[in-house]
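Everything below concerns the one structure shown next.
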Amino acid sequence: MIVIRNLLLACTLALSACAPSLTQARTTSDDACGGTVGPGGVPVLAWHGFAENPRPGEGNLTESWARYEETLRFLADQGFRSVFPEDTRLPGAGGGRQVILTFDDGRKEQLRAAEMLERHGFRGIFFVIPRRTRPDSDAQFLNSDDVARLARAGHRVSAHGYEHRSLPTTGTEVAGSLVRSPGTIARHGGDDRLDFAFPFGHYTPEIADAIGSAYRHLHTVNPGYWDGRSALLPRMLIMNDVQLSVFTEYLLGGATYAPVLRPVTPDGAVAGTVTFVGQAPLSADAQVFAVSADAQRRSYIGHPLGENLRVSGDTVTVDLAAHMGRYHGPGRGVISYAIVSRRCGAMRYLSPGIMHWIRDPAVPPSPLPTPVRPETVVPGSGR
């Protein structure tokens, strides 16, 4: 695995030698605003729970039925077609407006969400937690009969881990996802080897390689568009405290997706400092746009890189640990993000969506030392 990673790194660095310098001057406003359109990318949305009026205690991943219906109407009115990953054609290749619609956690109310999809002619990928699909499981989750109903209607049912535990911190979850989840999904009529969604969006390069040996498409929670070929798919998590305009702007921006930065630091790696290679001048207003909540608990907020960004020739270095320390507060060990720009009034993705760890997820955080109170000091102990 280490040999493969080193080979990939060498290939990336070799390609970067042919890339134009990031410091080359550009003279036209079209170039400055990213007028060169690439093949584009496919937007991917992800929902979790639903309720008529989500309560604060339910978290921001519980969407209202009204906003959900509004989103579906928007997709239909704008001429979007729902597709599965293997059927995707990028906008630049004549694919038109396409979207991948996904649902995590396999909650019971997603049966209603599926029926609403069907009324608009859409189909989705439903990521269930295989252990919870047993007949004796909690009634709030989809069971084997529900999975069969979704499959008959043309939806796809796939695995979201096995017990929905963070893969990098739980070896048994990796084993369950590889060995037990496919069989469970297949017995219920689902698609056992096509799609997999990482619980909590957590993975490492090694885990992505291992899970990728069993599943074709790996779904993350990194913001951005899918390029139609990468094994890792970004997804925009629908959150009830984020305005729908953020997501509608994202949906309409796929045709102009042409990232100029390629990550050199492996996606999912532990890295306080990350490196990219570039193909065009980097916008001066480069920001980190993260789904991971900042210190004010805001998601999908861009924070400027400022002094945490260094450019040398075609190499871009980001001090991610310092950036997170400033905007996300202490204790945050992982971030799902993309480098973006709003120089021309709309969100432009300068990099693909990626995830990096600031601290090793396999190492439990060290507990804070317990202060010694005066009354606990033993007389004569020298303390």
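The values are calculated or read from the model by the stated rules, or taken from the named source; none is laboratory data. In this text the structure is predicted, and so the values were computed from the model without any measurement. A quick note on method: Cβ atoms are made from the backbone with ideal geometry, for glycine too, and the neighbour counts reach across all protein chains shown. Accessible surface is based on the protein model in full, side chains and every heavy atom, while ligands, DNA and RNA are left aside. Shrake-Rupley method; radii C 1.70, N 1.55, O 1.52, S 1.80 Å.
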So the carbon and sulfur contribution to the accessible area of the range 203-283, 1.4 Å probe, in percent, is 53 percent
At 1.4 Å probe radius, can you tell me the per residue accessible area of the range 263-355 in Å²? 38 Å²
In square angstrom, what is the accessible area per residue of the range 112-251 with a 1.4 angstrom probe? 38 Å²
Give the average over all directions of the projected area of the C-alpha convex hull of the range 70-159, one decimal, in nm². 6.0 nm²
Taking 51 Å as R0, compute the FRET efficiency from the Cβ-Cβ separation of Ser312 and Thr248 and round it to 0.05. 0.85
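At 0.36 nm per residue, minus the direct Cα-Cα distance, what do Arg216 and Thr273 gain on full extension? Give it in nm, one decimal, please.
17.5 nm
What does the charge dipole of the range 104-244 about its Cα centre add up to, to the nearest 20 debye, if the Cβ of each Lys and Arg holds +1 and the Cβ of each Asp and Glu holds -1?
Around 340 debye, computed over the range 104-244.
Quick check: at a probe of 1.4 Å, how many percent of the accessible area of the range 58-136 sits on carbon and sulfur atoms?
44 percent
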Search the structure for amide H atoms under 5 Å from the amide H of Val334, placed 1.01 Å from N in the peptide plane, and list their residues when 5 or more places away or on another chain. Ile358
